[in-house]
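Beneath this line is the structure, given in structure tokens, with notes to follow.
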Amino acid sequence: MDSTPPLPTPPGLFASFRALGDTLLAAVQDRLELFSVEMQEEKFRLIQIFLWISAAAFTAMMTVTFASLTVVYFFWASARLTVLGGLTVLYTSALVAIVIAFRRYLAAQPKPFAATLQELREDRACIRTGT
């Protein structure tokens, strides 16, 4: 009797395809999980920005309203129209400055889903080089 163990057979074609499919599905699953995490972060960031903008807009409107009423009341008899015109120019200038500052803020924000896109770029580079 021969007591040598049988040699393992090399995996067949279907086993290789199954392993490749499993690897591809695992990679897709990892990328989707990363995308999901980034989507939640973006949602939280947008809600936070909306709340800050709302709070700032409300307090700014209340401040502007009562400050304007106080100034106009103070100059009611002598220079009412001049004060109203000056306040209009002041508020318009402030609005332009705020819009410019907000656009700069938005431009400085990181690209949404940057980590997911970077992982996909790295995946493509690995596939192209064959490593």
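Numbers at a glance
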read-out: Unmet requirement for residue 88, which otherwise passes all of (1) under 29 Å from residue 28 (Cβ atoms); (2) out of contact with any helix residue (DSSP H, G or I) (no Cβ under 9 Å at 6 or more places or on another chain); value: (1)
read-out: Count of residues meeting criterion [part of a helix (DSSP H, G or I) and under 26 Å from residue 54 (Cβ atoms)] in the stretch 90-117; value: 19
read-out: Failed condition for residue 91, given (1) surrounded by 10 or more Cβ atoms within 10 Å (Cβ to Cβ); (2) of a type outside the set (Gly, Ala, Ser); (3) without any contact (Cβ under 8 Å) to a residue 24 or more places away in the chain; value: (3)
read-out: Flag if residue 55 is without any contact (Cβ under 8 Å) to a residue 12 or more places away in the chain, more than 30 Å from residue 23 (Cα to Cα) and not basic (Lys, Arg); value: yes
read-out: Residues of the stretch 101-131 that turn out to be exposed (fewer than 10 other Cβ atoms within 10 Å of the Cβ), of a type in the set (Ser, Thr, Tyr) and under 17 Å from residue 42 (Cα atoms), as a count; value: 0
read-out: Condition broken by residue 79, with the remaining ones in (1) modelled with pLDDT of 85 or more; (2) under 27 Å from residue 28 (Cα atoms) satisfied; value: (2)
read-out: Subset of the stretch 83-100 [under 27 Å from the mean Cα position of the chain (by Cα) and of a type outside the set (Val, Ile, Thr)]; value: 94, 95, 97
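The values are calculated or read from the model by the stated rules, or taken from the named source; none is laboratory data. Please read all numbers here as calculations on a predicted model, not as lab measurements. When we count neighbours, we look across all protein chains shown, and the Cβ atoms used for this are built from the backbone with ideal geometry, even at glycine.
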